[in-house]
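Just so you know, all these numbers are worked out from the coordinates, no wet-lab data involved. Predicted, not measured: the structure shown is a model, and the values here were computed from it. We place every Cβ from the backbone using ideal geometry, glycine too, and count neighbours over all the protein chains shown.
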Amino acid sequence: MQLKTVSAYNSESEAISLYIHIPFCHKKCPYCDFNTYAGMFGWRKRYIAALIREITLLGQALQSANGAPKRVCTIFWGGGTPSLLPATDICDVLHAVRAVFAVDDSAEITLEANPGALEYNRLDAAQKCGVNRLSMGAQSFDADLLHWLGRIHSPDDILTAAAKGNAAGFRSLNFDFMYALPEQTMAQWQDTLEKALALQAQHLSLYSLIVEPNTPLFDWVQRGDVVTASEDIAADMYEYACDRLAAAGYHHYEISNWALPGYECEHNITYWKLRPFIGVGAGAHSFWNNTHYSNQTEIAAYIAATHSEWNPAALGIGSIGGPVVERRELMAEELISETVIMRLRLREGIPLGWFQNRFQRALADVFPELRFLQDNGLLEEDNNDGESIIRLTQRGMLLGNEVFERFLSLQKN
Ligand code: SF4
């Protein structure tokens, strides 16, 4: 099916999000396929200088014709382990951001942190530089499972990290936890969830273990040394978590994310709504003018490329050159599929009127399978503030990938 071109979804006045990638970790966890490296911290100073140069050039390139800086509404420090950085680095980079972008006073600024390496003084200084949200990879309250995951922290470290985060005065704390781990019992998962709730964090993210290619875990599973949890166990753990967190007052606003009302992660909502964002750092991804693009992944190569004769203002944002090594412009069909798949992750679903305005087509006309998915209890039509929406049912959230596969078919036709 061929559809007409769809206009880019970023206007001059629209605020954007900024992602800052820190590719350093104490050690590499065996399940992790993120672009992060252990034993490379000696590159830190050169890396921070490269980040500042990339931010400065991009900020200048994004200024309007009359020199007004681009508005930024969220900033997310991800990795890797950004909390490894001294607070001076965090403050220097944020200062560079503010020199070329107009950061909203209310901007959500998140720092990812490892509970096993969290110094109060650093957190306090980062908070004073504007970081207002701390996101920690807690993963489990079971010491044996943490050890199996290759994590450097203990269950007690999670409690200490929460106390430090609260004492430093962050507006919001998030903890990530993992379920469907090999040999993890329902009782262990229930115990972890109870302790997670006792943290009284504003936000919780729960992820099932995914076996990613090119990881030690992948090899272990291939060799038969590790047996992954069954889909039934994963489903039972997910459904238990949905019920328990709802009873505790958390709003299940995205497939893997729960928040107390008003504490949803604004930065990640940018991704799910396919809004424009700029990623800086080694391997960082961006989305701009209906185009995905990504940076050089290796630290030394990224630093060298950033210091080359690179001028994004002349090339255009998202063009190959400097640190940018890959770009993929979405065709109209791909843009519609991605929009639907990403927005369906959100509990608020897809407002049918919004879709019609955005793409000049009715959702049911573009995806005739909508009715089939509704009849099978995976999607439901509902009303949100007087607006008709389509969203995943709880069963649909559990089987999200099967639903998304059907929406991908538009790209293949
Ligand atoms: S700490 Fe996080 S980013 Fe670093 S290796 Fe482990 S899972 Fe990956």
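Amide hydrogen proximity for PHE101: with H placed 1.01 Å from N in the peptide plane, no residue at 5 or more positions away or on another chain lies under 5 Å.
Here's the picture: a label point sits 7 Å out from the Cα of GLU402 along the beta-carbon direction, and within the stretch 358-384 the residues with their amide nitrogen under 14 Å of it are 372-379. Straight-distance candidates among the aspartates and glutamates for linking to LYS70, with alpha-carbon spacing under 12 Å and chain neighbours fewer than 8 residues away dropped: GLU12, GLU14, ASP104. For the pair SER64 and MET331 in one chain, pulling the backbone fully straight at 0.36 nm per residue adds 93.5 nm over the alpha carbon distance. Peptides 26-34, 195-203 ranked from most to least packed, by the mean per-residue count of other Cβ atoms within 10 Å: 195-203, 26-34. What does the C-alpha gyration tensor say about the overall shape of the stretch 9-73? Classify as rounded when a/c is under 1.5, otherwise prolate if a/b is larger than b/c, or oblate. Here the stretch 9-73 falls in the oblate category. Report the residues of the stretch 28-56 in range of a label on ASN121: point 7 Å along Cα→C-beta, backbone N strictly under 11 Å from it. It comes to no residues whatsoever. For the listed peptides 239-251, 282-294, 42-54, a ranking on the average number of other beta carbons within 10 Å per residue, highest first, reads 282-294, 42-54, 239-251. Relative to the 2.2 N^0.38 Å rule of thumb, the stretch 332-412 has a C-alpha radius of gyration ratio of 0.99.
Our coupling estimate for the stretch 203-208, obtained by passing each phi through the Karplus curve with A = 6.51, B = -1.76, C = 1.60 and θ = phi - 60°, is 8, 10, 10, 10, 10, 7 Hz, Gly and Pro reported as x. Taking 0.36 nm per residue of separation and subtracting the Cα-Cα distance, full extension of the segment from HIS95 to ALA304 would add 73.0 nm.
Within the chain, CYS25, CYS73, CYS242, CYS265 have no other Cys Cβ under 4.7 Å of their Cβ and so lack a disulfide-compatible partner by this rule.
Compute the label zone of VAL227 within the stretch 185-209: residues whose backbone N is under 19 Å from the point 7 Å along Cα-to-Cβ. Of the residues in the stretch 185-209, 185-189, 209 have backbone N under 19 Å from the label point off VAL227. I need the calculated FRET efficiency for the pair ASP236 and ASN214, taking r as the beta carbon distance and R₀ as 25 Å, to the nearest 0.05. Efficiency for this residue pair is about 0.25. Full extension of the segment from ALA198 to ASP243, taken as 0.36 nm per residue of separation minus the current Cα-Cα distance, would add 14.6 nm. Overall shape: prolate for the stretch 92-223, with the ratio a/c of the largest to smallest alpha carbon gyration tensor axis at 1.5 or above and a/b above b/c. Taking a cut-off of 14 Å between Cα atoms, list the aspartates and glutamates near LYS45, but don't count ones fewer than 8 places away on the same chain. Candidates past the 8-residue exclusion: ASP89, ASP92.
DSSP finds beta bridges in the chain, and of those with both partners inside it, around 40 percent are antiparallel.
With the cut-off at 1.5 for a/c, could you classify the stretch 212-281 from its C-alpha gyration tensor as rounded, prolate or oblate? Oblate, because a/c is 1.5 or more while a/b does not exceed b/c. Taking amide hydrogens as placed 1.01 Å from N in the peptide plane, the amide H of TYR37 sits under 5 Å from those of PHE24, CYS25, each at least 5 positions away in sequence or on another chain. Pairwise alpha-carbon distances in the stretch 227-338 exceed 17 Å for 67% of all pairs.
Once the mean of 1/r is taken over each pair of separate Cα atoms and inverted, the chain shows a Kirkwood hydrodynamic radius of 22.6 Å. Taking the centroid of alpha carbons for each part, the stretch 28-63 and the stretch 131-191 are 25 Å apart. From most to least packed by mean Cβ count within 10 Å, the peptides 393-403, 215-225 give 393-403, 215-225.
Rg then Dmax, both in Å and based on the Cα atoms of the stretch 166-223: 15.0, 47.
Computed per residue of the chain from DSSP H runs no shorter than four, each worth -39500 (n - 2.57), the mean residue ellipticity at 222 nm is -12000 deg cm²/dmol. When only Cα pairs below 8 angstrom with a gap of at least 6 residues are kept, the chain shows a relative contact order of 16 percent. In this simple spin-label model, placing a label point 7 Å from the Cα along the Cα-to-Cβ direction at both THR88 and ALA167 gives a separation of 2.4 nm.
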